[in-house]
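Reading through the structure tokens given below for one structure.
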Amino acid sequence: MLWIGSHVSFNKEEQLLGSMREALCYGATTFMFYTGAPQNTRRYPIDKEITKQALMEIKKRGLDTSKIIVHAPYIVNLANEDEEKHQFSIRFLQEEVKRCEKLNMSYLVLHPGSHVGCGVDKGIDNIIDGLNKILPSSSVIVLLETMAGKGSEIGSKLEEIKRIIDGVVEKDKIGVCLDTCHLHDAGYDMNNFDEFLTLFDKIVGLKYLKCIHINDSKNPSDSHKDRHENIGFGYIGFNNLLKIIYHDKLKDIPKILETPYIDRLYPPYKLEIEMIRKKKFNKNLLEDVKTSSK
Ligand code: FE
Ligand code: FE
Ligand code: ZN
């Protein structure tokens, strides 16, 4: 089975059931969601009944909850030296872990954080400190996402990811989520993913790899910009992304699209997934998405 899906919405009324239905509309076999808006930390309680119904339906459709991913909001920042902000991030993530448990989800993707001036070393120490306060009471595995290196982001170098994992006490509760756009923007060559995987295995360890975000990039390699592009329309290219998606060593790993909506209105995921399944690039994708959405 190809575990492919996209970022989907999660709203107060339909919660996991709505997310699952949206994913099914795209022809996906998995999905990723934020438990609220990605850019803020306002969260609603998880509804038991809806969750129960959704989990039953997920099973009935032959999907696998262990392939479904939750993403933490991108404004929490464990690296921050400011004590109040650091503590807020820890508390929020402790709550987020509980929400994941209530939703029966196993993986929570986290941007490691930005040091915002205190330097990489202190930033990494702060992240480790935070994770060691969150993980002991968690049955959820936190996945550190590799970053593009925008601003003072930590995690654009595999060595930084490795240093964080080294500092984490409960190593069975930490993992990694790769993001192809971020890797490319950070300077890793996506033209030769075998080589990258060998390097990843050497520095971090393949056993930590649990999820991949599949995105093309609007910018050349090493740009540190983090602007996602639709599959096949950017600098990584369709064939390179296909090779990653169908890579032998990544068969069981969920692949999640976080490509931009067309004209900020129309989700491209159904047609992107179709293109990936057919292994054939559709150069009219953007137009086709618009026509099929009307
Ligand atoms: Fe992310
Ligand atoms: Fe991502
Ligand atoms: Zn990104």
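FYI, it's all coordinate maths here, none of it is from the lab. Everything numeric here is computed off the predicted structure, so don't read it as measured data. Ideal geometry is used to build each Cβ from the backbone, glycine not excepted, and the neighbour counts take in all protein chains shown.
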Could you give the length gained on full extension between T291 and E57, defined as 0.36 nm per residue of separation minus the Cα-Cα distance, in nm? 81.2 nm
The stretch 12-80: trypsin sites (Lys or Arg not before Pro) in DSSP coil with no more than 10 other Cβ atoms inside 10 Å: R42
Checking the table K207/K283; K52/K243; K150/K173 against a 31 Å threshold on Cα-Cα, which pairs fail? K207/K283; K52/K243
Count charges around T29 for me, please; just the other residues with Cβ under 11 Å from its Cβ, Lys/Arg as +1, Asp/Glu as -1. +3
Could you give the dipole magnitude of the stretch 4-293 about its Cα centre, charging the beta-carbon of Lys and Arg +1 and that of Asp and Glu -1, in debye to the nearest 20? 980 debye
Net +/- balance of residues flanking N215 in space, Cβ distance below 11 Å, scoring K and R +1, D and E -1: -4
Free-standing Cys, the chain [no other Cys Cβ under 4.7 Å]: C25, C100, C118, C181
Taking the Cβ of L143 as the centre, find all other residues whose Cβ is under 12 Å away and add up their charges (Lys, Arg: +1; Asp, Glu: -1). 0
So in the stretch 4-293, what percent of DSSP beta bridges are antiparallel if you round to the nearest 5? 15 percent
Once you've got the Cα coordinates, tell me which of K202/K255; K85/K157; K67/K171; K59/K102; K59/K280 are over 27 Å apart. K59/K280
